Amino acid sequence: MSASTLRIIGLSKEFRTLRRYVVALRDINLTIREGEFFVVLGPSGCGKSTLLNILAGLEKPTEGEIWFGETLVADAKQKRSLTPKERNVAMVFQSYALYPHLNVFENIAFPLRIAKRPKEEIKKGVLEVARLLAIENLLSAKPKELSGGQRQRVAIARAIIRHPSVFLLDEPLSNLDAQLRVRLREELKNLQRSLGVTTVYVTHDQAEAMTLGDRIAIINQGILQQVGDPMGVYRHPTNTFVARFMGTPPMNLLKAKVLEQSGKVYVKIETMTLKLDETTSRSLSALKSSDVIVGIRPEDIKLAEQASSARMFAASVRFVERLGADFILYVSIGNNKVLIKLHEDPGIKEGDKITFSIDTAKVHIFDLNGRNIRK
Amino acid sequence: MNKDFRDTIIFLSPLLLFVSLFMLFPVLGTFWLSLWRDVAFLPRKFVGLANYLRLFKDTQFWQSMIFTLIFSLISVAIEMVLGIIVALVINERFHLRGAIRGISLLPWAIPAIIGARIWQLIYRYDYGLANYLLGSVSGVSINWLGTSGGAMFSLILADVWRTTPFVAIIILAGLQSVPEELYKQARVDGANLFQRFVKVTLPSIKPVVIVALLFRTIDALRVFDIIYVITGGGPGGATTSLSLHSYKYFLLGDFGYGSTISFVLFIIAFALALLYIRLGRFREIAL
Amino acid sequence: MNEEQIKKLLLAVGIVFIVVFFLFPFGWMVIVSFSASPDFLIKGNLSFTLSNYKDILSIRSLHFLNYLKNSLIISGIAALSSALIGALAAYAISRFKFAGKMLIVLGVLALSMFPQISIVGYLYKFMTRLRLINTYSALIFPYIAYSLPLALWILLSYFSRIPLEIDRAAQVDGASRLQILRKVILPIALPGFVSAVLLLFMFSFNEFLFALMLTTDFRARTVPVGIALFQGLHGEIPWGYIMSASVVSTIPVILIALLAQRYIIQGLTGGAVKE
Ligand SMILES: Nc1ncnc2c1ncn2[C@@H]1O[C@H](COP(=O)(O)OP(=O)(O)O)[C@@H](O)[C@H]1O
Ligand SMILES: [Mg+2]
């Protein structure tokens, strides 16, 4: 196994303080491949930073092992944990964590100064990464004189100057404005490709995860939900949490009942009956007349001229959100609220009646525990 | 974990070592001494609580106790009022505020002994400034340090001069934490200057005032320096504070009884310190 | 008169009160220090002289320069040491998780309120046994201990405002805890450290009771004790000497108070008073 493949085995982390007891991570198993851009995605407080801190050696696991290649870097049983220095990891933080009293040059040079490298080497190294990140003209500035984007570049420069074997980033872009975020995302991806260093990137932003990650892992409340390549996770979410977390606006989830009529399987949502395609039908046939949850992405609903066929449904529009490029319709179907995402202005007002069709091949069916049935 | 644990111990041990060796240990030692007859040139003898029983018959001890309490009460009360006033002034924005703030620090910043010497000179019966000013206005002279009332007054004034700055700084911090919106709201509600002070300022700084009050009370109870210089405890022991009373026994070489008096003072101060820590919400700050 | 004017008037009265009440004793100290005899108020013989200053600075047997040197050295060493020891402890308390943290913080806070008199008796015996009476060590060690609560308190309030991520970044960059304290935390909290050192210096420089009990002569005696015990040759209190010595010895503290007023106020209030 290669030196910078990361293996996380049975990892759990509990925090005990005077006031509370938190299980931040519960039995996580993951393998992150060498050179991979791996994204850990999850809502705030789900344990992402904790996971990254444990990988870095800033926290110790309560249970489980961490392997860097053939090296056991943390083992709860043996109460053993290598320091960040011994692991040769570098990390970028959400708040950038630049040293406010040092200028940009010294910030970047800090890891080398600690390692007592010769002066010329430090100077050469700093100039090199500064050029790579296009911050050569900022070297004498203090962090507080920099913009958010510049600070983030400095933080990245400081992280890569040591040629780490693993690169850890904790929501590095979330303090930036939207435009800059998109631009830096691309730069980061290119940088990672050219350096080829194994990277673990933590974010709560699914769009970021989709664009950056070779693979992504989704965590909720300390529990690993799903691992896979971005489109795979998007297309085949294992449960309702992942289904709703991936994609904006989130997937519609509707309570439904499974029906079977003359060999065909349907799901009935309020008054609306959806006929399902072959594969879905097969996996559902065992669940006859039980309750399920139907997931439909807002973009998989299409407006139709008229309720002409059985596949068309009618509803009234309660609200239209005009986002410029996209238009979101808020529609009621019985007691359920359903969102429809359109790419063109439908010219529809609040209160209008519409008819729509659903792409049944893209419908997801979950059991009442939220697990995807078709998987 | 082990590394952090090791570092914790290494980082804390100098503090714990110094504090234990030169504060905690001596206080316990003082208690230990108070259980002994430990007088110069006499053989040491363990006497249990006999020294504490001796306190009851020691009229000077009770006089010192009463003096110390009255002195602390009055001077702290005056300091609080003046401290709030000074804090209000140096909290305002005005030209040369920095200089005025610096001046407000001075009496507290210099050695208490020097302040005491200056006041001692000012209080002199024959050529002191106080009687000179008083004489030129009313023609009378007061024996400031010769009567027990005059000596008490003189000491309180000197103490107020010296410690009002400290109180003012602590209260200044409280004033600065009052949100500006509260004043704006009160203005909108039609409250005038005085009403804003009573309804907004005072309630907001109450916690800080209580903390300053307790801290200063504990500090005043151990008063020594200014009395040592200005009155030497006189006239006739009228201004001998508990600290000074204890010190006089140390000076005589009676460490057993001197320790007994100082340990009583310690108990009083410690009880107040516990109250102070409870009310001061230091728990929240520290965590 | 409208409210603005009333406020202005009250403010002016307040400023005058502060200046007059707080400063006039200093003025008196200076006047007496420059006058040939302190009883000029009744004798009317006010005359300017530098002889008090000349005497205290040149007459060896007055030992004033010894006292000053002792005070500066003892207070300087004590202030720096307690600030450094306090910084170590404040770092541990603000950064590490460990049982009994509260107990240490509150315990140290309580210690700061111990009356000196209930320490000094035993300390005297202790120092006698160690044969340290009348040495710098006799004062430096207790001064360090006695100022540690203040040092810890000031530095703790500064350190705990520095985000933990800074430490984590430095750890990842390979720094040890001691390196983090030295190269990152202390430089960032430099204003706090300066406040602490200044306040601690004043604290030790002004201390009287320990110095009174634990020193016996000019070899270790400090300025406050020297000034309290100044005796004239003929029993009369040598006011001219006392006041000129006071002026000389308060100059460093007054300079600190006026120039570093901001640091001192910030230190005393844990940074709550901003400008
Ligand atoms: N040092 C700590 N002590 C106690 N609880 C903590 C600590 N660090 C994190 N937690 C708790 O662990 C959970 C996960 O936190 P974190 O990993 O920071 O989440 P995320 O980075 O995903 O927002 C949260 O509930 C948080 O409150
Ligand atoms: Mg986080």
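Values as computed for the structure displayed
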item: Positions within the stretch A:154-184 being of a type outside the set (A, V, I, L, M), farther than 18 Å from C:Arg168 by Cα and crowded, with 19+ Cβ neighbours inside 10 Å, in sequence order; result: A:Arg181
item: Extreme residue, nearest to ligand 2 (Cβ to nearest atom), among residues of the stretch A:26-64 that are open to solvent by 50 Å² or more (accessible area, probe 1.4 Å) and part of a strand (DSSP E or B); result: A:Arg26
item: Extreme residue, farthest from B:Leu121 (Cα to Cα), among residues of the stretch C:31-57 that are facing another protein chain (nearest Cβ under 10 Å) and in a helix (DSSP H, G or I); result: C:Lys43
item: In the stretch B:145-171, residue nearest to C:Ile265 (Cα to Cα) [restricted to those that are of a type in the set (Gly, Ala, Ser) and away from chain C (no Cβ under 14 Å)]; result: B:Ala151
item: Unmet criterion (only one of (1) surrounded by 24 or more Cβ atoms within 10 Å (Cβ to Cβ); (2) more than 8 Å from every other protein chain (Cβ to nearest Cβ)) for B:Ser104; result: (2)
item: Restricting the stretch A:78-108 to residues that are at the interface with chain C (Cβ under 7 Å from one of its Cβ atoms) and within 16 Å of ligand 1 (Cβ to nearest atom), the residue that is surrounded by the most Cβ atoms within 10 Å (Cβ to Cβ); result: A:Met91
item: Qualifying positions in the stretch A:186-212 - aliphatic (A, V, I, L, M), in contact with a strand residue (DSSP E or B) (Cβ under 6 Å, 6 or more places away or on another chain) and more than 14 Å from ligand 2 (Cβ to nearest atom); result: A:Val197, A:Ala209, A:Leu212
item: Residue in the stretch C:117-126 that is part of a helix (DSSP H, G or I), hydroxyl-bearing (Ser, Thr, Tyr), without any contact (Cβ under 8 Å) to a residue 60 or more places away in the chain and at the interface with chain B (Cβ under 10 Å from one of its Cβ atoms) present; result: yes
item: Pairs, first over 16 Å from A:Ile156 (Cα atoms) in the stretch A:101-114, second open to solvent by 30 Å² or more (accessible area, probe 1.4 Å), C-beta under 6 Å, six or more apart; result: A:His101/C:Pro187; A:His101/C:Ile188
item: Scope the stretch B:136-164; condition of a type outside the set (Ser, Thr, Tyr), surrounded by 15 or more Cβ atoms within 10 Å (Cβ to Cβ) and not in a loop (DSSP other than H, G, I, E, B); matching residues; result: B:Gly150, B:Ala151, B:Met152, B:Phe153, B:Leu155, B:Ile156, B:Leu157, B:Ala158, B:Asp159, B:Val160, B:Trp161, B:Arg162
item: Any hit, the stretch A:221-230, residues being within 16 Å of ligand 1 (Cβ to nearest atom), open to solvent by 20 Å² or more (accessible area, probe 1.4 Å) and within 14 Å of another protein chain (Cβ to nearest Cβ); result: no
item: Options C:Leu178, C:Leu152; residue that is within 10 Å of chain B (Cβ to nearest Cβ), surrounded by 24 or more Cβ atoms within 10 Å (Cβ to Cβ) and not acidic (Asp, Glu); result: C:Leu152
item: Those strands (runs of 3 or more DSSP E) lying entirely in the stretch A:268-364 with at least 3 residues in contact with a Gly (Cβ under 9 Å, 6 or more places away or on another chain); result: A:312-322
item: Residue satisfying condition, being within 11 Å of another protein chain (Cβ to nearest Cβ) and under 30 Å from C:Lys7 (Cα atoms), within set B:Leu193, B:Leu244; result: B:Leu193
item: Test result for B:Val76, open to solvent by less than 70 Å² (accessible area, probe 1.4 Å), of a type outside the set (Lys, Arg), within 12 Å of chain C (Cβ to nearest Cβ) and assigned to a helix (DSSP H, G or I); result: no
item: So B:Arg187, is it under 24 Å from the mean Cα position of the chain (by Cα) and open to solvent by 40 Å² or more (accessible area, probe 1.4 Å); result: no
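Matching residues to (1) under 27 Å from A:Ser95 (Cα atoms); (2) more than 16 Å from ligand 1 (Cβ to nearest atom); (3) not hydroxyl-bearing (Ser, Thr, Tyr):
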site	(1), (2), (3)
A:Arg7	no, yes, yes
A:Gly10	no, yes, yes
A:Phe15	yes, no, yes
A:Ala24	yes, no, yes
A:Gly47	yes, no, yes
A:Pro61	yes, no, yes
A:Glu65	no, yes, yes
A:Glu70	no, yes, yes
A:Val73	yes, yes, yes
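The values are calculated or read from the model by the stated rules, or taken from the named source; none is laboratory data. Only a predicted model underlies this, so the values are computations on that prediction, with no experimental measurement involved. Neighbour counts run over all protein chains shown; Cβ positions are idealised from the backbone, glycine included. What goes into the accessible areas is simple: the full protein's heavy atoms, side chains included, and nothing from ligands, DNA or RNA. Shrake-Rupley method; radii C 1.70, N 1.55, O 1.52, S 1.80 Å.
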